[in-house]
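Here's the structure, in structure tokens; my notes come after.
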Amino acid sequence: MPEAVTSRIEEIAQRVVESEGLELVEVEVKGGGNQRFVRIWIDKPEGVTHADCELVSQQVGTILDVEDVVPGRYTLEVSSPGVERKLLKPRDYERFRGKKVKVTLREAIEARRHWEGTLAGFDNGIISLEVQPGNTIRFPFDQVQKANLKFDW
């Protein structure tokens, strides 16, 4: 799928979710031909409802069809990011301060790339992660390969 198509879907989804007081977490487009799959994750502080997903799906789907953004047939899915949501944007690190997270770094710190701990802060592009009480590591946002909230059972 050309990057331009994915960017256009993101623009449309962003407009729709903002107008409904929601947050666009991520847009993913997979497949080709008549097997395209468009997945949109949305969120809001009090949690996403089935009605929120349905509303966004109807509005985004209508715009995608009217503007013929996705060539051929496609499947559109709108859902919440779940309790172990990905941390993708700098504002995610600000919003989820104090929460447990799992982080995979691009380059090792103290000979490790995989870390778990409590998100202690985000300041000037630097993430602080408390890995043990009194032991905090710091690393730049652009060193994060993958990060998500960790749900404690």
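At a glance:
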| quantity | calculated |
| --- | --- |
| So VAL48, is it closer than 24 Å to SER7 by Cα, touching a helix residue (DSSP H, G or I) at 6+ places or on another chain (Cβ under 6 Å) and surrounded by 13 or more Cβ atoms within 10 Å (Cβ to Cβ) | no |
| Strands (runs of 3 or more DSSP E) wholly inside region 76-141 containing at least 2 residues that are out of contact with any helix residue (DSSP H, G or I) (no Cβ under 7 Å at 6 or more places or on another chain) and within 25 Å of GLY47 (Cβ to Cβ) | 100-109, 112-123 |
| Extreme residue, surrounded by the most Cβ atoms within 10 Å (Cβ to Cβ), among residues of region 10-24 that are of a type outside the set (D, E, K, R) and out of contact with any Leu (no Cβ under 7 Å at 6 or more places or on another chain) | VAL16 |
| Test: residue in region 102-111 that is without any contact (Cβ under 8 Å) to a residue 12 or more places away in the chain and over 14 Å from the mean Cα position of the chain (by Cα) | yes |
| Test result for VAL56, farther than 22 Å from VAL83 by Cα, at pLDDT 90 or above and surrounded by 14 or more Cβ atoms within 10 Å (Cβ to Cβ) | no |
| Residue that is modelled with the lowest pLDDT, among those in region 1-47 that are in a loop (DSSP other than H, G, I, E, B) and among the hydrophobic types (A, V, I, L, M, F, W, C) | MET1 |
| Filter result (touching a Lys or Arg at 6+ places or on another chain (Cβ under 8 Å) and without any contact (Cβ under 8 Å) to a residue 24 or more places away in the chain) within region 116-135 | GLY117, THR118, ALA120, ILE126, SER128 |
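The values are calculated or read from the model by the stated rules, or taken from the named source; none is laboratory data. Only a predicted model underlies this, so the values are computations on that prediction, with no experimental measurement involved. Positions of Cβ are backbone-derived with ideal geometry, glycine not excepted, and every protein chain shown enters the neighbour counts.
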